[in-house]
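Student: Sharing a structure, written as structure tokens. Questions coming.
Readers should treat all values here as calculations from the given coordinates under stated rules, not as data from a laboratory. Remember, it's a predicted structure, so these values are computed and weren't measured experimentally. Please note: Cβ atoms are built from the backbone with ideal geometry, for glycine as well, and neighbour counts cover all protein chains shown.
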Amino acid sequence: MNIDEKIKRELNEQSSEIDEILAEEKGIMDFVVGSYRSSLKIWFIIVNVGIAIMTGVFIWAGYEFFNAGNVSDQIFWGVCFLTAFIVQVAGKQWIWAEMSRSSLIREIKRVELTLNRHLDQLK
């Protein structure tokens, strides 16, 4: 058997394994819930509470902006609105980045285990 046939056979075997892995792929809610089970769960809780507070602040600041009597008050409430909005977006980006990081680590571990299993079979 030449190298091309070995490669084709190996790719066919791996494609069935990849199909099994994709079949067990989790949805977005599983990733979110999994984040609260990680070692950073207290940070996820703190950041989500901060996001909820900032949502309230930017809604309140937006309301005050449109009800302000003069330009200096509008500038103040506009800056408060933008600041709260930016803080909220930054918190959400951190959460998504951490979820992505944990998902990537999980995939790397899965590849590592697969490689170890294949190396053991070759021995």
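Student: Which parts of segment 41-61 would a label at residue 98 reach, counting a residue when its backbone N lies under 13 Å from a point 7 Å out along Cα-to-Cβ?
Tutor: 41-51, by backbone N distance to the label point.
Student: Out of (1) 52; (2) 28; (3) 24, which label holds the value of percent of Cα pairs over 26 Å apart that was computed here?
Tutor: Read-out from the structure maps to (1).
Student: At 7 Å along the Cα-to-beta-carbon direction for both residue 13 and residue 29, put a label point, then send me their distance in nm to one decimal.
Tutor: 3.9 nm
Student: Within segment 79-95, find all residues whose amide N lies under 17 Å from a label point positioned 7 Å from the Cα of residue 68 along Cα-to-beta-carbon.
Tutor: Residues passing the 17 Å test: 79-86.
Student: May I ask you to derive the relative contact order of the chain, considering only C-alpha pairs under 8 Å and at least 6 residues apart, and to give it as an integer percent?
Tutor: 23 percent
Student: Okay, next question. Segment 24-100: which trypsin sites (Lys or Arg not before Pro) are DSSP loop and have at most 12 other beta-carbon atoms within 10 angstrom?
Tutor: 26, 37
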